[in-house]
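Data first, discussion second: the structure below is written as structure tokens.
What follows is calculated from the coordinates using simple rules that are stated; it is not laboratory data. As the structure is a prediction and not an experimental result, all values here were calculated from the model. No Cβ is skipped: glycine too gets one built from the backbone with ideal geometry, and neighbour counts run over all protein chains shown.
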Amino acid sequence: MKKSYRVKKEAEFQAVFDYHHSVANRAFVLYQMPKPQQKHFRVGLSVGKKIAHTAVLRNQVKRYLRQSILELRSEIQPECDFLIIARPLATQLDFHETKQNLIHLLKLGKILIEDK
């Protein structure tokens, strides 16, 4: 995923948190903030040490999320920043389950563009 598609700086993360618009399912929490002037969406991923105790497991969850987002890129609304925070269940999911949970979460947050 290109750098322009990522929320990296702490101040940017904090701005999305402070917007106070979130939805959740059993595996992930989604925080979002609209940015009308933006050409494409930006995403931040967080998998804490309390969720996955080893770096290998944390990185695996983030790889699954990045690949899922890459596959869904054309269906995600372009004018928003969002953060995906992993919950403990996320470490037990394979790639396809992760993608299905992510689709569910993005639909809850109304970030996924529905086919009409």
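A few remarks follow.
- Each residue in region 40-65 was checked for being buried (at least 16 other Cβ atoms within 10 Å of the Cβ), farther than 19 Å from SER22 by Cβ and not aliphatic (A, V, I, L, M), and 4 pass.
- Qualifying residue in region 45-52 (condition: under 18 Å from LEU112 (Cα atoms) and touching an Asp or Glu at 6+ places or on another chain (Cβ under 7 Å)): no
- Residue within region 67-76 that is of a type in the set (Val, Ile, Thr), surrounded by 13 or more Cβ atoms within 10 Å (Cβ to Cβ) and under 24 Å from ALA15 (Cα atoms) present: yes
- Tallying residues that are surrounded by 16 or more Cβ atoms within 10 Å (Cβ to Cβ) and either in a loop (DSSP other than H, G, I, E, B) or of a type in the set (A, V, I, L, M, F, W, C) (or both) within region 96-116 yields 6.
- Residue match in region 78-95 (condition: buried (at least 19 other Cβ atoms within 10 Å of the Cβ), within 21 Å of GLN14 (Cα to Cα) and of a type in the set (Asp, Glu)): yes
- Verdict on ALA24 being free of Cβ contacts under 8 Å to residues at least 24 places away in the same chain and of a type in the set (Gly, Ala, Ser): no
- In the condition set (1) part of a helix (DSSP H, G or I); (2) of a type in the set (A, V, I, L, M); (3) under 9 Å from the mean Cα position of the chain (by Cα), LEU72 is compliant with all but (3).
- Per-region count, region 5-28, residues assigned to a loop (DSSP other than H, G, I, E, B) and of a type in the set (Val, Ile, Thr): 1
- Pairs are defined by a Cβ separation below 6 Å, a sequence spacing of at least 6 or placement on different chains, a first member in region 40-56 that is in a loop (DSSP other than H, G, I, E, B), and a second member that is among the charged types (D, E, K, R); the pairs so defined are VAL47/ARG58; VAL47/LYS62; ALA52/ARG58.
- Hits in region 1-41 - residues which are among the basic types (Lys, Arg) and out of contact with any helix residue (DSSP H, G or I) (no Cβ under 6 Å at 6 or more places or on another chain): LYS2, LYS3, ARG6, LYS8, LYS9, LYS35, LYS39
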